[in-house]
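The structure appears below as structure tokens.
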Amino acid sequence: MESPASLLEMRGITKAFPGVVALKDVNLSVRAGEIHAVVGENGAGKSTLMKVLSGVYPHGTYEGEIRFGGEPRQFRGIRASEDLGIIIIHQELALVPLLSIAENIFLGNEPARGGVVDRHAAYVRTRELLAKVGLKESPSTLIDDLGVGKQQLVEIAKALSKEVKLLILDEPTASLNETDSDALLDLLLELKAQGISCILISHKLNEVERVADTITVLRDGSTVQTLDCRGQPVSQDVIIRNMVGREMADRYPKRDPRIGEVVFELRDWTVHHPLHSERESVKRVNLQARRGEIVGIAGLMGAGRTELAMSVFGKSWGRRISGQVLLHGQEVDVSTVEKAVRHGIAYVTEDRKGYGLLLDDDIARNVSLANLRAVSTRGVVDEGREFAAADGFRKQLRIRCKDVFQRVGQLSGGNQQKVVLGKWLFTQPQVLILDEPTRGIDVGAKFEIYSLMAQMAAEGRCIVMISSEMPELLGMCDRIYVMNEGRFVAEFGRMEASQEGIMRAIVNAGTLQ
Amino acid sequence: MSTQVADVAPKPESAGRSALAFLKAHLREYGMLLSLVAIMAFFQYMTGGTLMQPLNLTNLVLQNSYIVIMALGMLLVIVAGSIDLSVGSVCGFIGALAAVLMVEHNVHWLPATLICLATGALIGAAQGWFVAYWRIPSFIVTLAGLLVFKGLALMVLAGQSVGPFPAEFQLLSTGFLPDLLHGESYHLTSLLLGAIAAAAMVFFKLRERAQAARHGMEVEPLPFFVGKNLVFVALILLLTTLLSAYKGIPNVLLVMAVLIVCYDFLALRTTVGRRIYALGGNEKAARLSGIKTERLAFLTFVNMGLLAALAGLIFAARLNTATPKAGLGFELDVIAACFIGGASASGGVGKVFGAVVGAFIMGVMNNGMSILGIGIDYQQVIKGLVLLAAVFVDVANRKRAL
């Protein structure tokens, strides 16, 4: 085997956001004509690295050097990297649903004469490109009429239209079924044979194993290992160990769980997708949570965890919801948020800006919103009582602010999260469902949130914690359910849970299907 | 439990915040009032004192009452994140309906008024139903309403002006409070009422301040509190004194004042008010907080219809005829009043009091420019620029604050 020259060299890439260092001294080297897999947990920095590479974060906003085709490059934007043939295909497809395939492929790049689009040329060229990716659809088909798998292929055809040299795919098979995934992977191998390099970001290690020549493992924003698979295959176990192998220092508060009777229970909970009502997003889930217990739900993005939580919380997500919710053994009606709250269920959203807070309003008004009844008499809000309640949470949760009349939009992520927590604690919940409670907040604030969770559990509440960060699940939870593609596929007690075990459960479940 | 959180003391209580910082934080509120006062002073000077003459002042109140009343409802609609373009047409249609009922069918004024108000609420409900439960953008639904009710008004009136109204009904707009004290040159009841209103306002403000202080909340610096209240007391007394020199307080003013106080209270102090702001500020968060967002949005439209109907009645009573052109373009003044008053087009922000001041800024400008004999062409241009300038100052301020 000849030794192909290195197509892409990224050296010492460091990228910091306010309060968080997302990438620390990352190195990535891609040879011409190889498929290079980048793996790592959620939040390991894969997407950030790709955004640096593709110019989404322009030169100057990061440290380090990018060499492409042997030359140092300083991309000012996506356009600059695309001109060199670096094309990124994002997890969320960037196609316009109501335009045709041809129009999408040449969007912003239309073959035109004097500003008039040459539809004939676009059509012919599109047909050639579609043939290359194995699609037989007419170029005038609307994107809306294609399945996700075919849309993915259209994205690749679009990349091919731009003379691609390095194709970056971010979780391309996340929403594909097995046949479509296989077709896509075959296509990647074929492109490789034509000399097109590819960076594949994927959680599905069996796919990585199948197509990758080299694997780079990222963890906590650093390169951990680069594994060469050309000589002999690298086992998934090795990859997994590299992905998760991190010490668990005192990142979590010590807990002395006193676990009581079962408080909260789900039986055969099934939820259908709101738009595609034949699709089951949550499939016959059974869950139990006890007094004083912290129960975790692990899984990858898109496993159906948020959908599960929101469907329980006042049927805020999904259609044709079936199954039972029980509190203390009694079935309860949670068909509206109001009823769920009255039964003592609270849901702290993963998207605090989108679904949790009134950013233009002050802390006090945010805290009281879900339980205005408690601070009002006959429909009239008593601002004094409201202030007292909010100020109480400010002290209890250590919300750092000028006073409780500060606008929530001005607070840091961690403090915003505390405001959301305060808002739901004010409803006096028995069951607190926390969805990604530490997303986007810094390490110090994380510890405070963990401490609050421990305290709430010690007060006898039962806590269900959804998280994509396995270490925090392992650090905080008494029991962990693993969810994959809408199903609970495994359950681990505190003692037997390990990152490898959870990852394996997810991977195996994926392979089985 | 051995949680070793670094002990972060909350920042020291901000008791010593300077008056300047407070003024800066509340610039918008004071700024609005100051603009109104400045505009009034300007026209008072330019018109050689005509603006504040008792007769003209009375006219000013009468001319703007229906805009102010509709602005109250519009503010809630805008805060909830929608818009209602149909209010002008609804206004005209209700006036037409009233005329047909009272003049052509000789229905007694009381049931006729009630029927008209109910019809207004029903119109609001119909539009609100499409907006809230079917999620059709309010802009479209009420644009349709604008056309439909303009057409219906023409239809009911058969293209004719219909009038005059019964005398009792006219009193709604042209009547004044009876002077029970029989003052000679001044209308004493009105004076007394003004004094009572001013005293009541000071009393409630003082009580609110005491309550806030008791709960350890930060309060307005004392000089500001005193200053602001003095200005308000002076304004109320000046207004009532001037009005008393003519015929006293018009009935409409009383209706309007009561409505302003009620809606201000509703928006600022009640749970319903809070929920409307939450709905406009972040609908998803509001829904996940257990707020019935659809019903709330629906109700803001019902309320808007009701107030538009009331405004329509007042307008018809004032003209003493219902004309097919009544209400034409009112929606523009009403919406402009809300935006001048600081409401945000994206919802969640805005104050009832601001909308009222906004309406009066528009009103004083209309009135002042008419007295000065400025042509309707220039008037439109100037009003448009004032609207743009007010919103621009808002947006620029916000941008700098971020």
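The values are calculated or read from the model by the stated rules, or taken from the named source; none is laboratory data. Note that this is a predicted model, so its numbers are computed, not measured. Positions of Cβ are generated from backbone atoms using ideal geometry, with glycine treated the same way; all protein chains shown enter the neighbour counts.
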Q) Looking at the range A:326-353, which of its residues are buried (at least 18 other Cβ atoms within 10 Å of the Cβ), touching a residue at least 40 places away in the same chain (Cβ under 8 Å) and either within 8 Å of chain B (Cβ to nearest Cβ) or under 27 Å from the mean Cα position of the chain (by Cα) (or both)? A) A:V341, A:I345, A:A346, A:Y347, A:V348, A:T349, A:E350, A:R352
(Q) Criterion first (more than 18 Å from the chain's Cα centre (by Cα), part of a strand (DSSP E or B) and more than 14 Å from every other protein chain (Cβ to nearest Cβ)) does A:N242 satisfy it? (A) no
Q. Are any residues in the range B:362-389 in contact (Cβ under 8 Å) with a residue 60 or more places away in the chain and small (G, A, S), and if so, which ones?
A. B:G363, B:G368
Q: Pull up the range A:364-385, narrow it to residues that are of a type in the set (S, T, Y) and over 20 Å from A:R352 (Cβ atoms), then point me to the one that is nearest to the other protein chains (Cβ to nearest Cβ).
A: A:S376
Q: Find the residue count for the range A:96-121, including only residues that are over 36 Å from the mean Cα position of the chain (by Cα), surrounded by 14 or more Cβ atoms within 10 Å (Cβ to Cβ) and part of a helix (DSSP H, G or I).
A: 2
**Q.** helices (runs of 4 or more DSSP H) within the range A:400-510 that include 3 or more residues at pLDDT 90 or above, under 30 Å from A:L372 (Cα atoms) and of a type outside the set (K, R)
**A.** A:413-425, A:443-458
Q: Have a look at A:V38, A:V21, A:V30 and point out the one that is touching a Gly at 6+ places or on another chain (Cβ under 7 Å) and either of a type in the set (A, V, I, L, M, F, W, C) or at positive phi (or both).
A: A:V21
Q.
Would you confirm whether or not the range A:294-311 contains a residue that is of a type outside the set (D, E, K, R) and under 30 Å from A:E9 (Cα atoms)?
A. yes
(Q) For a quick check of your reading: which helices (runs of 4 or more DSSP H) sit entirely within the range B:277-355 and have at least 3 residues that are surrounded by fewer than 21 Cβ atoms within 10 Å (Cβ to Cβ)? (A) B:283-288, B:293-319
(Q) When the residues of the range A:386-406 are narrowed to those that are touching a strand residue (DSSP E or B) at 6+ places or on another chain (Cβ under 8 Å) and at the interface with chain B (Cβ under 9 Å from one of its Cβ atoms), which ends up nearest to A:P429 (Cα to Cα)? (A) A:V404
Q: Evaluate the following for A:G356: is it among the small types (G, A, S) and buried (at least 18 other Cβ atoms within 10 Å of the Cβ)?
A: yes
Q: Inspect the range B:56-70 for any residue being within 23 Å of B:N366 (Cα to Cα), of a type in the set (S, T, Y), surrounded by fewer than 24 Cβ atoms within 10 Å (Cβ to Cβ) and under 24 Å from the mean Cα position of the chain (by Cα) and give the result as yes or no.
A: yes
(Q) Is it the case, given these coordinates, that B:A144 is farther than 22 Å from B:F330 by Cβ and at pLDDT 90 or above? (A) no
Q: Give A:R241, A:R219, A:R255, A:R267 a once-over and let me know the one that is touching a Gly at 6+ places or on another chain (Cβ under 9 Å) and in contact (Cβ under 8 Å) with a residue 60 or more places away in the chain.
A: A:R219
